[in-house]
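The values are calculated or read from the model by the stated rules, or taken from the named source; none is laboratory data. Given the structure is predicted, the values throughout are model-derived calculations rather than measurements. So basically every Cβ, Gly included, is an ideal-geometry build from the backbone, and we count neighbours across all protein chains shown. Just so you know, the surface numbers come from the protein's heavy atoms only, side chains and all, with ligands and any DNA or RNA stripped out. Shrake-Rupley method; radii C 1.70, N 1.55, O 1.52, S 1.80 Å.
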Amino acid sequence: MEKKNIDWANLGFGYIKTDYRFVSNYKNGAWEEGYLTEDANVVISECAGVLQYAQTIFEGMKAYTTADGRIVTFRPDLNGERMEQSAARLEMPVYPKDEFVKAVLKTIKANEAYVPPYGSGATLYVRPYMFGSNAVIGVKPADEYQFRVFTTPVGPYFKGGVKPLTIRISDFDRAAPNGTGHIKAGLNYAMSLHAIVDAHKQGYDENMYLDAATRTKVEETGGANFLFVTRDGKVVTPKSNSILPSITRRSLIQVAKEYLGLEAEEREVFVSELGDFAECGLCGTAAVISPVGKIVDHGKEICLPSGMSEMGPVTKKLYDTLTGIQMGTIKAPEGGVVEVE
């Protein structure tokens, strides 16, 4: 299929309408057979559950053109599993993982002309999401839902090269210990908006949220997990029941152990030990790993030895290996990459 006439090299990370999106409705206790549509508009009741009580969940993933010209996506089954967990937590009907993967692949295939070419630095972002669609005025779950998948071509997260971030330890809490921090619900992101706007006003790139109970342990940012590297090269990620289980983080741990032969562990990370790490990064779908150069704890600066000018050596190896797997230049683990046919 001929590609769209888009300046791929200069794409930003924003929304561009593509030709097709997938839609499936849940009514009378069952999901209807889904379909592709060219209509990008969503028409719902003014009293829809999503508008009144924020009953909505979503996922984020990407499709890539590999070095040999194939179109692939990375671990869609894990996104499907996470969406099942999110739905169950918000009393929404589960859209089955297998159907989720089929819908994602069908939507990517229908928008094949928008998948950026290999080497352009751009990718096709894929956004599956679900929301309560019927009128709900009492505080209760909706009875009807809509599951949708749309795509949009996006440029690299970093323009002009990778620059380590400066983040602050936030006084705001992201999630309660027994709350919804472990699922990908829109309400979690709404809660982080004021904090990130405030951080930007104060000159910081992101927030580091601590555990709400003791405020002594590292959790995550508003949209990414943390990854640390010790001075002897061990990869460490924070462990908490209120952290979103990032698929990118899980993949990086696998890369560290199986591809790079590094020791890696998930454990509680305390604020008091931040100065002991050699490297720090934020990991997520958008940029794989965004390096952190400085953490500011209420005026006290913690500078990572990897410096403020470039990505640390271990973080760089993790980044290069995972992106190589995604782009087809490094052999993927079993089931790691799914081709769109």
Selection from the stretch 241-259 of residues surrounded by fewer than 20 Cβ atoms within 10 Å (Cβ to Cβ) and more than 22 Å from Ile330 (Cα to Cα) yields Asn241, Pro245
Restricting the search to the stretch 169-203, which residues are closer than 21 Å to Ser272 by Cβ and open to solvent by 30 Å² or more (accessible area, probe 1.4 Å)? Asp171, Phe172, Asp173, Pro177
Flagged in the stretch 50-80 as under 20 Å from Tyr125 (Cβ atoms) and assigned to a helix (DSSP H, G or I), in numbering order, are Pro76, Asp77, Leu78, Asn79, Gly80
Reported set for the stretch 1-26 where residues are among the β-branched types (Val, Ile, Thr) and either within 30 Å of Asp143 (Cβ to Cβ) or out of contact with any helix residue (DSSP H, G or I) (no Cβ under 6 Å at 6 or more places or on another chain) (or both) is Ile6, Ile16, Val23
Cβ-Cβ under 8 Å pairs, at least 6 apart or on other chains, the stretch 309-321 side within 18 Å of Phe226 (Cβ to Cβ), far side assigned to a helix (DSSP H, G or I): Met311/Tyr319; Leu318/Leu252; Leu318/Val255; Leu318/Ala256
Residue in the stretch 1-25 that is farthest from Ile108 (Cα to Cα), counting only those that are of a type in the set (Phe, Trp, Tyr) and either part of a loop (DSSP other than H, G, I, E, B) or without any contact (Cβ under 8 Å) to a residue 12 or more places away in the chain (or both): Phe13
Looking only at the stretch 26-41, count how many residues are free of Cβ contacts under 8 Å to residues at least 60 places away in the same chain, within 17 Å of Lys106 (Cα to Cα) and not in a strand (DSSP E or B). 4
Out of everything in the stretch 304-334 that is of a type in the set (A, V, I, L, M) and closer than 10 Å to Pro164 by Cβ, what residue ends up being least open to solvent (accessible area, probe 1.4 Å)? Leu304
